[in-house]
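The values are calculated or read from the model by the stated rules, or taken from the named source; none is laboratory data. The structure presented is a predicted model; accordingly, all values stated were derived computationally and were not measured. When we count neighbours, we look across all protein chains shown, and the Cβ atoms used for this are built from the backbone with ideal geometry, even at glycine. Calculation scope for accessible area: heavy atoms of the full protein, side chains included, ligands and nucleic acids excluded. Shrake-Rupley method; radii C 1.70, N 1.55, O 1.52, S 1.80 Å.
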Amino acid sequence: MNTIKHAFHLVNVLGNIVPHAGRRFLLDRLGLGKFLQRASKGSIDQVKLPNGYDLFFNPMLHWNATNPKNHEPEVTALLHRYLEPGAVFYDIGANIGLHSLIASKIVGPTGRVLAFEPGEINLRYFRRTLENGAPNVSLHEFAIGAADEARVFDLRGGAMSGKLVGSGEKAVDPVSVQVRCIDSLVAEGYPRPDVIKIDIEGGEADALQGAAKTLQTHPVVICEMHDFAPEEVRRAMRVLIEAGYRLTRLPDRSPSDHARSHHIVAVRGDSA
């Protein structure tokens with residue numbers, strides 16, 4: 001089993017090195033993604049986070065999303081900077097819940113963490129994690145987009161790269177999912193967010209478009225921009241700038257430094 005785990009670890013490392021087009025060719029065209037999912041089915045492990053929570057994950061698929069020191073530490077730093085006790089945090093594209101659990105401790109028992117994740121692979125482990133506690137975290141098993149509708153979600157190459165299928169795109173491993181927009185959720189009574197984190201593989205502009213009214217209250221937005229979708233990056237930035245935000249691009253502090261994506265933090269333009 002250790003040999004198999006090391007093999008999957010190597011695949012993940014290569015996945016962080018290979019350019020996006022090459023990764024998609026390997027995972028989609030050659031079918032490596034479906035093979036990895038089948039081979040790792042049922043595998044489960046856990047790690048104790050620095051804040052005391054146990055995070056459950058698939059050791060063959062999620063190893064690079066379980067350590068806050070190695071996985072997007074710049075995002076972790078922003079959560080500590082902008083969240084406070086009693087705050088409301090939206091984790092959009094929550095994966096297996098690392099950022100949700102970090103936020104849970106920061107906002108405390110009077111705060112709320114709303115995690116949004118449509119991918120069944122990730123949900124399986126996130127649900128297991130929540131069985132152990134984190135009562136201020138609620139898991140919402142749908143995608144976030146520009147409108148309330150049913151959309152095709154592409155499981156594609158595994159647990160870290162599922163995405164809603166855009167116009168003109170062809171799904172490799174399609175499933176139908178419910179999509180909600182943030183403005184509709186807030187109108188229905190969901191708590192208004194103080195901080196929003198978005199990482200949904202190129203769908204960030206749609207998520208922001210569906211939050212146009214909510215953005216008028218200027219929650220802090222932490223957003224991963226995917227350089228393989230440059231038009232979507234421009235559209236996402238335009239939505240934020242038109243809503244009165246000041247944008248700052250963050251340096252990538254992850255050990256697997258790469259050029260295919262970057263994070264921005266958006267705060268109210270007249271804030272200090």
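Remarks
- Any chance Glu224 is open to solvent by 20 Å² or more (accessible area, probe 1.4 Å) and modelled with pLDDT under 95: no
- Elements of type strands (runs of 3 or more DSSP E) in the range 67-141, at least 2 residues being open to solvent by less than 10 Å² (accessible area, probe 1.4 Å) and either at pLDDT 95 or above or under 21 Å from Phe56 (Cβ atoms) (or both): 88-92, 112-116
- Qualifying residue in the range 45-62 (condition: at pLDDT below 75 and open to solvent by 30 Å² or more (accessible area, probe 1.4 Å)): no
- If you go through the range 170-186 and pick out every residue that is open to solvent by 90 Å² or more (accessible area, probe 1.4 Å) and outside any strand (DSSP E or B), you end up with 1.
- Enumeration of residues in the range 225-254 that are touching a His at 6+ places or on another chain (Cβ under 8 Å) and among the hydroxyl-bearing types (Ser, Thr, Tyr): Tyr245, Ser254
- Test: residue in the range 234-246 that is open to solvent by 20 Å² or more (accessible area, probe 1.4 Å), aliphatic (A, V, I, L, M), free of Cβ contacts under 8 Å to residues at least 12 places away in the same chain and not in a loop (DSSP other than H, G, I, E, B): yes
- Here Ser261, Ser184, Ser161, Ser254 are screened, and the one residue that is of a type in the set (Gly, Ala, Ser), modelled with pLDDT of 95 or more and in contact with an Asp or Glu (Cβ under 8 Å, 6 or more places away or on another chain) is Ser184.
- Lone qualifier among Ala147, Ala212 - being touching a residue at least 24 places away in the same chain (Cβ under 8 Å), among the small types (Gly, Ala, Ser), touching a Ser or Thr at 6+ places or on another chain (Cβ under 9 Å) and surrounded by fewer than 22 Cβ atoms within 10 Å (Cβ to Cβ): Ala147
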